[in-house]
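The values are calculated or read from the model by the stated rules, or taken from the named source; none is laboratory data. Quick caveat, the model's predicted, so the values are computed rather than measured. Every residue, glycine among them, receives a Cβ derived from its backbone with ideal geometry; neighbour counts consider all protein chains shown. When the accessible area is computed, the model is the full protein with side chains, heavy atoms only, and any ligands, DNA or RNA have been set aside. Shrake-Rupley method; radii C 1.70, N 1.55, O 1.52, S 1.80 Å.
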Amino acid sequence: MNDFNNVNSVIKLIIGLKVKENSIVLDCTVGNGNDTEYLSSYLGDKGFIYGFDIQQNAIEATKTRLSSIGFENYQLFFDGHENIDKHIKEEIDFAVYNLGYLPKSDHMIITKSETTIQSISKAMDLLSIGGCICVASYISHDNGVEYHNIKKFLKSVDQQHFNVAEMDFVNQKNFPAHLFIIEKRN
Ligand SMILES: C[S@@+](CC[C@H](N)C(=O)[O-])C[C@H]1O[C@@H](n2cnc3c(N)ncnc32)[C@H](O)[C@@H]1O
């Protein structure tokens, strides 16, 4: 078993470190619900998932997916993740962004740096001490525009308040996604 195949395997490692049974977690790009469903397996009765997507069919399909496994502690919003502050008033322990477009779907529906950065900034405000945000960003989706803008924003974050790291799979072909990891410091 390998742990460092790609961004998704590393996000799973971080979920294992950071998400507990009573955690409040956020999936900011629900899509097909893979991350949402994976997160549900870590949560108990006191845990909760909030999810966002601008594609209603993605929200509906993920609701069906979660119901079919009997998971009930979730609320999915058909709304942009730039509006998380309108819906979530409590501290969160973990958030994930899987940016770009949904494979095998309309590639014109894609995350955009302005709204993504607004959302990450709001998620950082909601984050508990020790909590973590993972952002998978695909350089190939828009010639790297969103990736470079996010990186510029994250480089400006005060290191006294947040640890920010980037993972790049340097020997992989075809422009693999990079992973930004943001952890709120004590
Ligand atoms: C790469 S896919 C996410 C994959 C997903 N995590 C999964 O497990 O299948 C990116 C998703 O972001 C969504 N999206 C684009 N802009 C958004 C926004 N402003 N707020 C929330 N979701 C957005 C798209 O509709 C798409 O479903």
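Span-like helix criteria (full DSSP H runs; alpha carbon extent of at least 24 Å along the helix axis; mean Kyte-Doolittle hydropathy of at least -0.5) are satisfied in the chain by no helix. Mean-square fluctuations from a GNM of the chain, with a 10 angstrom spring cutoff on Cα atoms, peak among TYR74, TYR50, TYR38 at TYR38. With contacts taken as Cα pairs under 8 Å at a separation of at least 6 residues, the chain carries a relative contact order of 19 percent.
In a GNM of the chain with a 10 Å cut-off on Cα contacts, which of VAL30, VAL135, VAL145 has the highest mean-square fluctuation? Greatest mean-square fluctuation among the candidates belongs to VAL145. For ASN73 and ILE110, the FRET efficiency from 1/(1 + (r/R0)^6), where r spans their Cβ atoms and R0 equals 22 Å, is about 0.15.
Based on the alpha-carbon gyration tensor of the chain and its eigenvalue square roots a ≥ b ≥ c, which shape applies: rounded if a/c is under 1.5, prolate if not and a/b is larger than b/c, or oblate? Walk me through the numbers before you get to the answer.
On the way: a/c = 1.33, a/b = 1.14, b/c = 1.17.
Cα axes put the chain in the rounded bin.
Backbone phi angles across the stretch 21-27, fed through the Karplus curve with coefficients 6.51, -1.76 and 1.60 (θ = phi - 60°), yield HN-Hα couplings of 5, 9, 6, 9, 10, 10, 10 Hz in residue order; Gly and Pro are listed as x.
Leaving out ligands and nucleic acids, and using a 1.4 Å probe, what accessible area per residue does the chain come to in Å²? Before the final figure, lay out each step's value.
Values: 9880 Å² over 186 residues.
Here the residues of the chain average 53 Å² of exposed surface.
If packing is taken as the average number of other Cβ atoms within 10 Å across a peptide's residues, how do 92-99, 153-160 rank, most packed first? Could the numbers behind the result be given before it?
Details: 92-99: 23.9, 153-160: 11.2.
Top to bottom by mean Cβ count within 10 Å: 92-99, 153-160.
Here the accessible area is traced with a 1.4 Å probe on the protein chains. For the chain, carbon and sulfur cover 49 percent of it.
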